[in-house]
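Notes follow the structure.
The values are calculated or read from the model by the stated rules, or taken from the named source; none is laboratory data. Owing to the predicted nature of the structure, the values given are computational and were not obtained by experimental measurement. Note: ideal-geometry Cβ built from the backbone for every residue, glycine included; neighbour counts use all protein chains shown.
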Amino acid sequence: MQVLVSQVKEAFRRALTAAFPAVDHAPIIGTSKFGDFQCNSAMALFKQNGKDVLGVNSPKEAGEKIAEHLKDEKLFTNVQASPQGFVTVDIAAEWLCKDLQDMLRQKGPVKLAPAEKKLRVMVDFSSPNVAKEMHVGHLRSTIIGESISRILAFYGHEVQRINHIGDWGTQFGMLIEYLHSEFPDYKANMPDISDLNAFYKKAKAAFDADEDFKRRSREMVVKLQGGNEAALESWRLICDVSRHEFEKVYKRLDVSLEERGESYYNEEIPKVVKELTEKGMIKESDGAKCIFTPVNEVPLMAVKSDGGFGYDSTDLAAIKDRLITRQGDWLIYLTDLGQEEHFLKIFAAAKEAGWHKPPETRVDHMGFGVVQGQDGKRFKTRSGEVVKLVDLLDEAKVRALKELQRRKEEEGAEEKRENGEGFTPCLATGTSVADEEMEKAAEAIGYSAVKYFDLKQNRHTDYKFSFDRMLDPKGNTAVYMLYAYARICAIFRKAGVDVSSINPEELKIEEPAERKLAVTLAQFPDILASILEDLHIHRLAEYMYKVSGAFTDFYQSCKVLGGPQQNARLLLCEATRKILEISFHLLGIKPLERI
């Protein structure tokens, strides 16, 4: 597939240059209800340059002159200039057919031309804390990070998914001391601490209530940081339990990560501080060693006033490791927007240190808003606790299963009224889910609903969590998309035809609904290209909804099965299926052929 919008812009640029060689103007392109695309440059050109420079008397004449130079463009048909000077065009059916035919000839999932230069991209996302369960606050980072990683890999980049877990710090003195004091024989009889939140709360309660326990906890921190083997052994044990619980969630979300936690950088931090000191970047402030950046007046603390290291020093060591040691070309950090200034300061320090060298290297902070409850506050349980991510996924599956069961019962009752046995397919998909498959379908629908509802949001905004809206079969939801995909698969089964056996040359685009769908499908490469520019993944979800809507219009307007156009329209169905399939994959969602 080719990048359509860029070709449209280039064609308009050629026409503008030919029509008005004395001016340099980037074409203003948009969509139009009067055509597939519209150029809005004539009015702006006339206003900026006037008739003497342009050699025309009005925006209308300017538009007509631009249109005249588009007549020979094979990309376009039906070139028109309005009285206001707007130039509208349709994409030629021949171009659309060739573009989709090229895609249909590909075996397996859709492929695009790889990036001109293969980059080593490191995406830092998820990053839960050891000894605490993953909660709803980790949802956005985890699924947005996985999605952008898939899009980058789709273009052929080398992608490293980094899980910068919180596996180091003073809290481990408290946790290890609690393990030793409450379970002295833990080596022989390891206690069940899989309920990480409960274990953490008990340790914290002991720390707050018992001064002797607090003293021992602080001593344990010193032992841990000094490399005491008993302390390290207990630390590894707690990390292993946490890691096991994290992996359960990642498996359910179909997310893969390479763990590289805070402790990974311990040995490098003193070296980094020494280097920054030698480069004159360290300033003393209230006993701390600080780095001041142009971002704001609050400095990064390379060394705290007590001589210890904190998040700032760890992140400085991490960015050097990624840019210098591992030679990353592009770093992407995913956290909530509240941490944006912190990372901008880290990026500024890395640039001053000579590690980050734009444009040779690129660093981005993919910030996102918070997940809210219906009250507009951070999403919590009724008791005020943070919602565990595993509980949220469980609830999504349960609700999806109930909905599938309800529909099956309704369809069974309807079928009995009609002929006394069996049940009809769900939502006109031509499919039905057997009882033994229903649980798997509920899991896929439930998890997909949670993911898609998040990914369709502009990441800069907060959003209100709602299972009812997530699982709604109408509107821009995963359920609607999944049913659209299943409906296409049902069409193929009903046709009894192996679509791969149909010659792509039989594809024809004649009816308005066929054109609308084909033009929408052809914009897939443009959508992905725009995402790589500003990292706004919600555009892909919006695009999928647009594709599904265009397909629904096509299916309702054009008879697919039976008649002389069957093969051509089955090919258009297959092109739609392939675009939805790869879009689902890039969002981390597994489509279902039957629901």
Discussion item. Against the condition over 16 Å from Asp167 (Cα atoms), within 41 Å of the chain's Cα centre (by Cα) and not polar (S, T, N, Q), how does Ala205 come out, does it pass?
Written reply: yes
Worksheet entry | Matching residues in the stretch 292-347 - criterion: being in a loop (DSSP other than H, G, I, E, B), in contact (Cβ under 8 Å) with a residue 40 or more places away in the chain and small (Gly, Ala, Ser) | Gly328
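Could you count how many residues in the stretch 247-291 are part of a helix (DSSP H, G or I) and either closer than 30 Å to Lys397 by Cβ or assigned by TED's automatic domain parsing to the domain that holds Ala449 (or both)? Reasoning before the result, please.
Applying the first criterion (part of a helix (DSSP H, G or I)) to the stretch 247-291 yields 247-253, 262-265, 269-278.
Next cut, either closer than 30 Å to Lys397 by Cβ or assigned by TED's automatic domain parsing to the domain that holds Ala449 (or both) only: 247-253.
Number of matching residues: 7.
For Asn49, are the conditions met, namely being of a type outside the set (Gly, Ala, Ser), at pLDDT below 90, part of a loop (DSSP other than H, G, I, E, B) and over 38 Å from the mean Cα position of the chain (by Cα)?
no
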Worksheet item: Pick from the stretch 281-339 the residues that are within 16 Å of Tyr264 (Cβ to Cβ) and among the polar types (S, T, N, Q): which of them is surrounded by the fewest Cβ atoms within 10 Å (Cβ to Cβ)?
Response: Thr325
Discussion item. I'm told Glu533 meets every condition in (1) over 23 Å from the mean Cα position of the chain (by Cα); (2) part of a helix (DSSP H, G or I); (3) free of Cβ contacts under 8 Å to residues at least 12 places away in the same chain except one. Can you identify the failing condition by its number?
Written reply: (1)
Discussion item. Could you check the stretch 1-26 and list, in sequence order, the residues that are surrounded by 22 or more Cβ atoms within 10 Å (Cβ to Cβ) and under 22 Å from Pro83 (Cβ atoms)?
Written reply: Phe12, Ala15, Leu16, Ala19, Phe20
Worksheet item: Can you name the number of the only condition in (1) under 24 Å from Ile144 (Cα atoms); (2) among the hydroxyl-bearing types (Ser, Thr, Tyr); (3) modelled with pLDDT under 95 that Thr314 fails?
Response: (3)
Worksheet item: Under the condition of being assigned to a strand (DSSP E or B) and not aliphatic (A, V, I, L, M), which residue from the stretch 66-121 is nearest to Arg362 (Cα to Cα)?
Response: Arg120
Worksheet item: How about the stretch 127-241: which helices (runs of 4 or more DSSP H) wholly inside it have at least 3 residues that are aliphatic (A, V, I, L, M) and free of Cβ contacts under 8 Å to residues at least 40 places away in the same chain?
Response: 196-209
Worksheet item: What about Val241, is it outside the structural domain of Ala529 (by TED's automatic domain parsing) and surrounded by 15 or more Cβ atoms within 10 Å (Cβ to Cβ)?
Response: yes
Worksheet, complete the sentence: Picked from the stretch 443-458 (must be over 17 Å from Arg378 (Cβ atoms) and of a type in the set (D, E, K, R)), the residue surrounded by the fewest Cβ atoms within 10 Å (Cβ to Cβ) is Glu443
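Specify which of the listed residues (Gly156, Gly145) is closer than 15 Å to Ser256 by Cβ and either surrounded by fewer than 23 Cβ atoms within 10 Å (Cβ to Cβ) or modelled with pLDDT of 95 or more (or both).
Details: Gly156 fails: closer than 15 Å to Ser256 by Cβ.
Criteria check complete, one pass: Gly145.
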Worksheet entry | Pairs where the first residue, in the stretch 374-388, is farther than 12 Å from Gly137 by Cα and the second is surrounded by 10 or more Cβ atoms within 10 Å (Cβ to Cβ), C-beta under 6 Å, 6+ apart | Gln374/Lys464; Thr381/Val387
Worksheet entry | Condition broken by Asp192, with the remaining ones in (1) loosely packed, with under 12 Cβ neighbours inside 10 Å; (2) more than 40 Å from the chain's Cα centre (by Cα); (3) not aromatic (Phe, Trp, Tyr) satisfied | (2)
Worksheet entry | Unique match (being basic (Lys, Arg), at pLDDT 95 or above and more than 21 Å from Ala113 (Cβ to Cβ)) among Lys546, Lys578 | Lys546
Worksheet entry | Cross-chain or 6+ apart pairs with Cβ under 7 Å, the stretch 275-287 first and under 22 Å from Gly354 (Cβ atoms), then among the acidic types (Asp, Glu) | Met281/Glu352
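Anything in the stretch 196-218 that is among the charged types (D, E, K, R) and surrounded by 13 or more Cβ atoms within 10 Å (Cβ to Cβ)? List them, or say none. Please lay out each step first, then the result.
Taking the stretch 196-218 first, the residues among the charged types (D, E, K, R) are 201-202, 204, 208, 210-212, 214-216, 218.
Selection gives Lys202, Lys204, Asp210, Lys214, Arg216, Arg218.
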Response to the item:
Of (1) surrounded by fewer than 19 Cβ atoms within 10 Å (Cβ to Cβ); (2) under 26 Å from Ser313 (Cβ atoms), His164 satisfies every one except (1)
Discussion item. Can you tell me which condition Ser32 does not meet? The list is (1) buried (at least 19 other Cβ atoms within 10 Å of the Cβ); (2) touching a residue at least 24 places away in the same chain (Cβ under 8 Å); (3) touching a strand residue (DSSP E or B) at 6+ places or on another chain (Cβ under 6 Å), and all the others hold.
Written reply: (1)
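Scan the stretch 505-526 and tell me whether some residue there is part of a helix (DSSP H, G or I) and over 22 Å from Gly549 (Cβ atoms).
Kept after step one, since they are part of a helix (DSSP H, G or I), are these residues of the stretch 505-526: 505-506, 512-522, 524-526.
With over 22 Å from Gly549 (Cβ atoms) added as a condition, the list becomes 505-506.
Scanning the stretch 505-526, I find at least one residue that is part of a helix (DSSP H, G or I) and over 22 Å from Gly549 (Cβ atoms), so the answer is yes.
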Worksheet item: Do we have any residue at all in the stretch 41-60 that's closer than 15 Å to Ala15 by Cα and of a type in the set (S, T, N, Q)?
Response: yes
